[in-house]
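The values are calculated or read from the model by the stated rules, or taken from the named source; none is laboratory data. Owing to the predicted nature of the structure, the values given are computational and were not obtained by experimental measurement. Neighbour counts are summed over all protein chains in view; Cβ atoms, including those assigned to glycine, are modelled from backbone coordinates with ideal geometry.
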Amino acid sequence: MKRNPQVVAFMTPFPYSIDVDAPLAEAHALMREHHFRHLPVTSAQAIVGILTDRDIKLVLGPDFGSPDERELRVRDAYVERPCVVPASTPVAVVARTMAEHRIGSAIVTKHDKLVGIFTVTDACRALAEILGGHEEEGESVA
């Protein structure tokens, strides 16, 4: 393992995104179907934000009057100005930025096109691999 690997080595390849004007129910269904918690948001194919499962739960909750998700659009729940990094960025830089800003993911691009997402889970996997942590037979955390 390289001493300072690029984020592309640990990101989750991510071909999915959703338009800012798409129905929130469509985004929620896509996230459930593919079992992911972060979904890049686009407008005219440009990355404009990120939608998380937490954002959806928040906007559908009692603090917002428990609206019907079929009545809402992605724009009602997403977070603008996500953390976007080039695929060549060192994983240490991305992880440090995520920790400093307390964010759960970074959108990874190559030539300004979406190629993946780097989440806290990916950061933990990277840490284990970089430190050489291999699960010994019979050894488990859970």
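Looking at region 73-111, which of the residues that are among the small types (Gly, Ala, Ser) and farther than 18 Å from His38 by Cα is modelled with the lowest pLDDT? So the residue we want is Ala92. For region 2-27, the set of residues classified as farther than 18 Å from Thr42 by Cβ and polar (S, T, N, Q) consists of Asn4, Gln6, listed by residue number.
Of these, Leu51, Leu114, Leu58, which one is crowded, with 16+ Cβ neighbours inside 10 Å and at pLDDT below 95? Only one candidate qualifies: Leu114. Does region 19-26 contain at least one residue that is touching an Asp or Glu at 6+ places or on another chain (Cβ under 7 Å), small (Gly, Ala, Ser) and at pLDDT below 95? Within region 19-26 (the criterion being touching an Asp or Glu at 6+ places or on another chain (Cβ under 7 Å), small (Gly, Ala, Ser) and at pLDDT below 95), the answer is yes, since at least one residue qualifies.
When the helices (runs of 4 or more DSSP H) confined to region 17-111 are screened for residues that are in contact (Cβ under 8 Å) with a residue 40 or more places away in the chain and either among the small types (Gly, Ala, Ser) or under 30 Å from Pro5 (Cα atoms) (or both), those reaching at least 3 such residues are found at 91-101. Determine whether region 27-47 contains at least one residue that is touching a Phe, Trp or Tyr at 6+ places or on another chain (Cβ under 9 Å), surrounded by 17 or more Cβ atoms within 10 Å (Cβ to Cβ) and over 18 Å from Ile103 (Cβ atoms). So far as region 27-47 goes, yes, one or more of its residues are touching a Phe, Trp or Tyr at 6+ places or on another chain (Cβ under 9 Å), surrounded by 17 or more Cβ atoms within 10 Å (Cβ to Cβ) and over 18 Å from Ile103 (Cβ atoms).
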